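The structure appears right after this line, and notes come after that.
The values are calculated or read from the model by the stated rules, or taken from the named source; none is laboratory data. Computed from a predicted structure; not experimentally measured. Cβ coordinates were reconstructed from backbone atoms using ideal geometry, including for glycine residues, and neighbour counts include every protein chain displayed.
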Amino acid sequence: MPTPDGEEGAVQLSILIIDDEESIRVSLKYHFEDCGFDTRSVDTAEEALRMMETDLPDAVIVDLRLPGMDGVEFLRTAAARWPEVRYIIYTGSPAASVPEELVSIPGVSGRLFFKPLPDLSELSDEVSHLLKG
């Protein structure tokens, strides 16, 4: 299976999507599968942390407003535990409510993505950029 770069035989890159809105999860999952990524999705940060214990993705796309543990706490916890993973914030929260400290956490993209994103290729381009870097 080709990788997101189109190279046959190379290791397929994986993405974990964390969002409590099913329609968002499904949309992102299909988009990234179409881009050649191995894609999984969950609706809580707690479930994501459990999954990452045994199946570590290359990148995580996380919403900030989640039931239970929110995306902010997830990023602090996951990035400290797995600094080799790349993290992208994709949220419906207003920009003013995103703590500035998040983009300074190692592995977290300095680029924030806000719902709804009219062109998901911007998000997949950022994932590819982070994983190449």
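When region 91-108 is limited to residues that are over 22 Å from residue 24 (Cα atoms) and outside any helix (DSSP H, G or I), the one that is modelled with the highest pLDDT turns out to be 107.
For region 27-40, a residue qualifies if it is buried (at least 17 other Cβ atoms within 10 Å of the Cβ), more than 17 Å from residue 116 (Cβ to Cβ), out of contact with any Phe, Trp or Tyr (no Cβ under 6 Å at 6 or more places or on another chain) and free of Cβ contacts under 8 Å to residues at least 60 places away in the same chain, and the qualifying residues are 36, 38, 40.
Conditions (1) on the phi > 0 side of the Ramachandran plot; (2) out of contact with any Lys or Arg (no Cβ under 7 Å at 6 or more places or on another chain); (3) aliphatic (A, V, I, L, M), marked per residue:
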position	(1), (2), (3)
36	yes, yes, no
40	no, yes, no
80	no, yes, yes
94	no, yes, no
103	no, yes, yes
120	no, yes, yes
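Just one of (1) surrounded by 15 or more Cβ atoms within 10 Å (Cβ to Cβ); (2) part of a helix (DSSP H, G or I) fails for residue 50. It is (1). All told, residue 99 falls short of being over 17 Å from residue 41 (Cα atoms), out of contact with any helix residue (DSSP H, G or I) (no Cβ under 9 Å at 6 or more places or on another chain) and not basic (Lys, Arg). Within region 118-132, identify whether any single residue is touching an Asp or Glu at 6+ places or on another chain (Cβ under 9 Å), outside any strand (DSSP E or B), acidic (Asp, Glu) and over 18 Å from residue 24 (Cβ atoms), and answer yes or no. Among the residues of region 118-132, not one is touching an Asp or Glu at 6+ places or on another chain (Cβ under 9 Å), outside any strand (DSSP E or B), acidic (Asp, Glu) and over 18 Å from residue 24 (Cβ atoms), which makes the answer no. Within region 53-77, the set of residues being part of a helix (DSSP H, G or I) and touching a strand residue (DSSP E or B) at 6+ places or on another chain (Cβ under 7 Å) comprises 71, 74, 75.
Using the structure shown, decide if residue 71 is surrounded by 12 or more Cβ atoms within 10 Å (Cβ to Cβ), of a type in the set (Gly, Ala, Ser) and in contact (Cβ under 8 Å) with a residue 40 or more places away in the chain. Taking the combined requirement at face value, the residue satisfies it.
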